[in-house]
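None of the figures in this text is laboratory data; all of them are computed from the coordinates on show. Note that the coordinates shown come from a computational prediction; the quantities given were computed from them, not determined experimentally. Because the Cβ atoms are built from the backbone with ideal geometry, glycine has one as well, and the counts that use them run over all protein chains shown.
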Amino acid sequence: MESLLVLVPLAAAMGSFLAPGRGIASWGFLTSLAIPALAAGTAMDVYQHGARRISLGGWAEPLGIHLHMDGLSVIFLIMTALVGALISIYSAFFFKRDTARHFWPLWLLMWAALNSLFMVSDIFNAYVVLELVTICAAALAVLSGKTESLQAGLRYLMVAMAGSLAFLLGVGFLYAETGMLDMFMLSWELQGGPVAAAAFGLMTTGLVMKSALLPFHFWLPPAHGEAPAPVSALLSALVIKGSFFLLLRLWVGVFEPAGITSHAAYVLGCLGVLAVLWGSYQALIQPRLKLIIAYSSVAQVGYLFLMFPLLCTVPEAPWAEKAWAGGTYQAISHGLAKAALFLAAGNLILSTGTDRIHYMKNIASRLPMTTFTLGLAGISLMGLPPSGGFVAKWMFMQAILESGQWWWAVAPVLGGLLTAGYVFRILGYAFLLAEKEPRMLPVPFVLEKIPLILALCSILIGFRAEEIIFLLQEHMLWAIEVEGDS
Amino acid sequence: MIFDILSILLCLAGAFFFLGGTVGLLRFPDNYSRLHALTKADNLGLGFIVLGLVLASPTMPEIIKLGLIWLLALVGSSSACYFIGNYIYHTPSQEEE
Amino acid sequence: MALFLDILVAFSLVAIAWRIMRAPGHFQAVVLFITFGLLLSLAWARLNSPDIALAEAAVGAGLAGVLLLDTLRAVAQPGKVKTGAHFSWLLLPCLLLAGLLTLSIIHIQPDSQGLARAVEAGMQTTSLEYPVTAVLLDFRGYDTWLELGVLLAAVLGLLCVRRKKSIRAPLLPAPAEPVGRWLISILLPLILLVGGFLLWLGAFAPGGAFQAGVVWAAGGVLLWQAGHPSLGALPVSLWRTGAVLGFALFWLLAATALIRNEPMLTHPQAKAWILAVEYAAALSIAVCLTSLAIGGQKSEDRNQKSEVRDQRSGDRCQITNNR
Amino acid sequence: MHGFYIYAITAILLFCLGLWGLAFHRNLLRKIVALNVMAGGVFLFFISIANPDQSGEVDPVPQAMVLTGIVVAISLTAFALCLARRIHEKTGQNELDTSCSIEDGDG
C-alpha cells in the first residue's frame, strides 16, 4: 500500500514523459484518483495496527533503507494527497498543451518524492529525496518562463542547494559519530557531544534555509509570487512542509533524545515569532495579491516553528500533545487554505489579467465564487472559529499557557490581528464599487470550484476538531513509542 | 635491487622534465613556446616515469596497462596542444585575460 | 613521507579553493575549478577510493568543466570585466564556522567502523562481489533509483527552461582540420570500449554503472563538439526511452516485488536482475548527462521563432502584467 | 590516523570557503562554482571518514553515498547553469536582479 504511494506517481511521471500527447492530463487524473485512496488506506492501516516500517529490498536494520509510517507521516500524506489531487484537477484545466508537457512529469515526480519524504527514515535517503523535491520545485517555479520567475527560481535553487549541502555535511558528522544512517537507530545511539552538536547545527540550518524561516525567507516571495497559480499553490502548501516535516522528525526523533535541542529551540521559536510579525507586516503593504499570499506564507511558516520550544525544551512535557496538535493542525490548515488562496488568485488573474489589488474593485459582484473562496480561506488563516486555523491557534495557546512560556503568545495574538488586517484589505477592495468596470473574462466552472473545495476543507477540518485531535494524540503516542523501542 | 635504483632514477628524471615543462609554461614569453615547453617536456617526463614504473612492476598486464596509459596521454596532450595552437593561430588578436 | 604527501595535497586544495574565490577573471576561476577537481580526485586516490577518484575526474573536472566553459562562452560580456563582489566581511563568520566545525572534528573517534561490518555480512547474501556496487545497487538501491530520478528531473527542468520537446541543439561547425576528425574517429570507439569495460568491471572491482555512464556521456559530448547532432540525431521517442530506461527498470524491480508480496525493491538474488538494472542505469546516465551538456544550448532558429510565439500566446497565467 | 584529521579539516575549510564565495560573489557562474567547491568539501569529508586509518580497509557506504552525491550535484549544477544562461539571454546580465527580490536577504 505505502509503496504504491511512491510507485504510482512515478509510473505516471514516466508515462507523461514518454507519451506527452493530447491525453497527458489523464496521467494526472489517474494519479489524483489513486493517491487519496492509497493515502486513506495507509492511514486506516496505521490507525488500526500502529506505526510500521518496511525494509526496502528486504535488507534489515543498519544496512538497508526503511520507510516509516506513523501518525505524523499519515497526516502529512493525507494532506498531500488531498491538496495534490485537487491541484492536479485544477491544473488539467489550467495549463495549455505546451506547458502541460513540462508540468506533468515534473509535478508527478515531485509528488512521488514528497510522499517518500513523509515516510523517510534514513538520513541520506532524506537528502536524495529533498534534492529531488528541490529540483522539481525549481523547475516548476520557472514554468512561466518570465524573467522574474527565472531569477526567483535560480535564487531558490541556489539557496536550496546550499541548504542541502549543509544538511549533507550534517549527515556526514552523524555517520562519523555513530556509523549509522537510520533515524530510528540514531535516536537510540546518539549521545550528546560536540560532533552531534555540529551535525545538529548543520542539519537544522540547512533545513531552515529550505523551509524559509525568517533570515532565509528572502527567496520565497518572488519564487511563489511569480510562478503560475497551481505551482505557487504546490510550492506553498506542500514543498515547504516537506523540509519542515524532516526538521520535525530529526528534532523530535533524533536530537531531542540526545538532549542537545533545548537552547536552539528557543532560537527557532524567536525566529518563528519574528517571522510571523515580519511576514504579516510585509503582507499588509504588498501591492499584488500573489505577493500578499506569498508573504503570508512566510508568516504562517513562523507559527509552525513555535512547536520547537514547546516540544523540545522540557522532556516529556504534559503540554506536548497540545503542541503537537497545534503544529500539525497549523500545517494542514495552512496547506489547504494557502492552496485555495493561490488558486483563487489564479482565477482572478485569468479573469482580469492582473492581480494588483487596486484592480480588484467590485470583484465581489463579478466573481462571487472566487471572492467567497478568498473569504473562507482568509477565515482559516486568521484563525476564526470554527476553522482549522482556529483549532491550531487554540491548541498553541493552550500549550503556551500550560508551559508557562507566555511570551510565545505574542505570535498567535499579534499575528492573528495582522492577518486579519491583510485579509480584510483584500476583501475590502473586492467589495468596493468601481467607477469604471474593467473587462472581465468568465472563469471556467471547474477552476472556480476547486479552490472553493479546498477552502471549505480548511474550514471543515475545524468542525471535526475533537475527533481529529483525539486521533492525533493516539498517533503521536504511537510515534513516540516506536521511536522509543524500535 | 639494481632495477629498483634504476626505476627511482628514471622517475626522478621524469619529475625533472615535468619541472622543466612547468617552468617553461610560466617563464616563456608567448603562447606557442609555452605550449611547446609544456607538451614536449611533459610527454618526455611521463615517458620516463612510465619506464621507471615498468621496471618496478611485477606482472605483464601491468606493464601493458602502463604502456597504454602513456600512449593515451600522448594522444591526448598532443591533440590538445594542436587544438589550442590552432585556436591561437586563427584568432591572433586574442590575448589571454 | 605519506604524511607529507597528504599535507601537500590538502594544502594545495585549500589554496586553489581560495584562488577560485579570489580570481579576478571568471575564466581563471573556471580553469582553477577544473584543476581543483583533478586534485580532489588525487586526494580520493590517496584515500583508497578509486571509484570516487574516477567519477570525480570524469564529472567534477571533465563534465562540470565543459558545462562551465560552455556557459562562460555563452554569457561572456565583451569589454565588461566586473567581479562585482560584495560581503567580503562574511569571510570572518565563515572562518569562525570552520573553526567551530574543526573543534568538533577533533572529537570524532576515527576508529569507528561505520557500516563496513554490516556490508560485509550483507555481501554473503547479495550476488554482487564488489561492496561499493553492492551498496549502490542492492543494499541502498532506493537511493540510486531516486538519484536517477534527480538526473531525469534535471533533464526535464532543462527542457522546461528551454521550452523544447527534445534536446536537439543547433549544430556546431564540423572541425575543418584533419586532426580533429582523426582524433574523434579513434577516440569514440575507445570511449565505447572503456565505458563497456568499466561497466563489466563494476560487478567485482572498482567501476560500475555511473563511471561507465559518464565515460559514454563524454563520448556523446565529444560527438556534438565535432559537429554531429549526437543524441539529437535519435528520434525523440527513442531518446526519451533511453533517458528513462534505467529508472523504469528500477521501477519494474520495485513493482514486481509487490506482486510477490515482498517489500519494495526486493528481488531474487540472481545476478541477471541486478546486471540488467545496472546496464540500463549506465545507459540512462549517459543519455541524461549528454542531454544536460548539449541540451542547454539555445534552440535552433526555427524553434526559436516558435518559442517567441509560445511565450506570447503562452500560458494563460502570463497575462499578468509584468511590473 | 593523522591522514583522517588532515583531510577532514581540509574538507571543512573547503566547505566554508565555498559558503563564503556563494555569499561573496554576485556573478551567477561564480556562485555556482562556489557551490561546487562546497560540494567537493562535503564529499571529501565523507571519504575521509570512510577511510579513517588509511589501512586500505575502506567503508563502502560513504563511497556509495558520495557517488550518489556527485550525480545529484552535477544534475543541479547543469540545471542551474541552464537557468543562468537563460537569464543572461533575457536580461543580458550575469547577476540576479536584486530589486526583484523585495528585500535583499539577511546580508
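Checking a compactness column here: for the range C:7-74, what do you get for Rg(Cα) / (2.2 N^0.38 Å), N being the number of residues?
Values: Rg = 12.3 Å, N = 68, 2.2 N^0.38 = 10.9 Å.
It is 1.12.
For the peptides A:219-228, A:8-17, the ranking by mean Cβ contacts within 10 Å, running from highest to lowest, is A:219-228, A:8-17.
From the alpha carbon centroid of the range A:187-253 to that of the range C:134-195 is 32 Å.
In this structure, the pairs whose alpha-carbon distance is over 24 Å, taken from A:290/C:164; A:338/A:393; A:290/C:298, are A:290/C:164; A:290/C:298.
Calculate the all-directions average of the projected area of the range A:261-486's alpha-carbon convex hull, and give it in nm². Show your work: numbers first, answer last.
Values: hull surface 50.9 nm².
Averaging across all directions leaves 12.7 nm² for the Cα convex hull.
Would you mind calculating the relative contact order of chain B from Cα pairs under 8 angstrom and at least 6 residues apart, reporting the percent as a whole number? The value is 30 percent.
Scanning residues 5 or more positions from residue A:361 or on other chains, none has an amide H under 5 Å from its amide H, with H placed 1.01 Å from N in the peptide plane.
Anything over 18 Å Cα to Cα? Flag those among A:146/D:90; A:96/A:241; C:165/D:90; A:241/A:449, in the order listed. If you can, show how the numbers build up before the last one.
On the way: A:146/D:90 9 Å; A:96/A:241 28 Å; C:165/D:90 20 Å; A:241/A:449 25 Å.
Flagged as over cut-off: A:96/A:241; C:165/D:90; A:241/A:449.
The long axis of helix A:4-18 is offset from the longest Cα principal axis of chain A by roughly 50 degrees.
Compute the normalised compactness of chain D: alpha-carbon radius of gyration over 2.2 N^0.38 Å, N being the residue count.
Numbers: Rg = 17.3 Å, N = 107, 2.2 N^0.38 = 13.0 Å.
Against the empirical 2.2 N^0.38 Å value, I get 1.33 for chain D.
Each residue of the range A:28-36 is assigned a 3J(HN,Hα), and the resulting list reads x, 4, 4, 5, 6, 7, 6, 5, x Hz, derived from the Karplus form 6.51 cos²θ - 1.76 cosθ + 1.60 (θ = phi - 60°), x at Gly and Pro. Charging the Cβ of each Asp and Glu at -1 and of each Lys and Arg at +1, and nothing else, the dipole of the range C:131-311 about its Cα centre rounds to 560 debye.
So which residue, out of D:11, D:23, D:50, gets the largest mean-square fluctuation from a GNM of chain D using Cα contacts under 10 Å as springs? Highest fluctuation of the listed residues: D:23.
The phi-based Karplus calculation (6.51 cos²θ - 1.76 cosθ + 1.60; θ = phi - 60°) puts the 3J(HN,Hα) values of the range A:217-225 at 8, 4, 7, 6, x, x, 5, 7, x Hz, whole numbers, x for Gly and Pro. Size descriptor for the range A:253-353, Kirkwood hydrodynamic radius: 15.0 Å (Cα pairs only, one decimal). Look at where the Cα atoms of the range C:13-50 and of the range B:49-92 average out, and the two centres are 22 Å apart. Look at the dipole of the range C:131-311 built from charges on Cβ: of C:273, C:291, C:212, the Cα furthest out on the positive end belongs to C:291.
Hydrophobic, long helices, defined as DSSP H runs whose alpha-carbon span along the helix axis is 27 Å or greater and whose mean Kyte-Doolittle value is at least 0.0, occur in chain C at C:2-22, C:26-46, C:141-162, C:178-201, C:236-259, C:271-294.
Taking the inverse of the mean 1/r over every pair of distinct Cα atoms in the range A:1-93 gives a Kirkwood hydrodynamic radius of 14.4 Å. Between the amide H of residue A:120 and those of A:68, distances stay under 5 Å, these residues lying 5 or more places away or on another chain, with hydrogens modeled in the peptide plane.
Per the Debye formula on identical point scatterers at the alpha carbon atoms of the range B:2-90, with no solvent, log10 I(q)/I(0) at q = 0.12, 0.18 Å⁻¹ is -0.42, -0.79.
Taking the Cα centre of the range A:26-172 as the origin, how large is its charge dipole in debye, to the nearest 20, when only Lys and Arg (+1) and Asp and Glu (-1) carry charge on their Cβ atoms?
Details: 7 positive and 7 negative charges, 87 e Å.
Computed about the Cα centre, the dipole is about 420 debye.
Given C:196, C:113, C:69, which one lies farthest toward the positive end of the charge dipole of chain C, if we put +1 on the Cβ of every Lys and Arg and -1 on the Cβ of every Asp and Glu? The one lying farthest along the dipole's positive direction is C:69.
For the range A:439-458 and the range A:363-414, what is the centre-to-centre distance using only Cα atoms, to the nearest Å? So the separation of the two Cα centres works out to 22 Å. Using only the alpha-carbon atoms, how far is helix A:465-485 inclined from the longest principal axis of chain A? Give it as 0 to 90 degrees, nearest 10. Between the helix axis and the principal axis of chain A, the angle is about 30 degrees.
Any idea what % of Cα-Cα pairs in the protein assembly as shown are farther than 47 Å?
Details: 127388 of 512578 pairs.
Counting pairs separated by more than 47 Å, the tail of P(r) holds 25 percent.
So if R0 is 30 Å, what FRET efficiency would residue B:73 and residue C:204 give, r being the distance between their Cβ atoms, rounded to the nearest 0.05? Here the calculated transfer efficiency is 0.65.
Hey, could you get me the Stokes-Einstein D for the range A:91-193, Kirkwood radius over alpha-carbon pairs, 20 °C and 1.002 mPa s, rounded to whole µm² s⁻¹?
On the way: Rh = 15.5 Å.
Estimated via Stokes-Einstein, D reaches 138 µm²/s.
Each Lys and Arg adds +1 at its Cβ and each Asp and Glu adds -1 at its Cβ; summed about the Cα centre, the range B:2-90 shows a dipole of about 180 debye.
Return one number: the angle in degrees, 0 to 90 and rounded to the nearest 10, between the long axis of the Cα atoms of helix A:410-431 and the longest principal axis of the Cα atoms of chain A. Here the helix axis deviates by roughly 20 degrees. When each of the peptides A:38-50, A:275-287 is scored by how many other beta carbons lie within 10 Å of its residues on average, the order from highest to lowest is A:275-287, A:38-50.
Remark: the range A:280-292, residue by residue, has Karplus-estimated 3J(HN,Hα) of 5, 5, 4, 5, 5, 9, 6, x, 10, 4, 5, 6, 4 Hz, where x stands for each Gly or Pro and the curve is 6.51 cos²θ - 1.76 cosθ + 1.60 at θ = phi - 60°. log₁₀ I(q)/I(0) of chain A at q = 0.08, 0.10, 0.13 Å⁻¹, via Debye over equal Cα point scatterers, no solvent, to two decimals? For chain A, the Cα-only Debye profile gives -0.43, -0.69, -1.21. Highest average first, the peptides A:135-143, A:297-305, C:266-274 ordered by how many other beta carbon atoms sit within 10 Å of their residues are A:135-143, A:297-305, C:266-274. Scaling against 2.2 N^0.38 Å puts the C-alpha radius of gyration of the range C:146-220 at 1.42.
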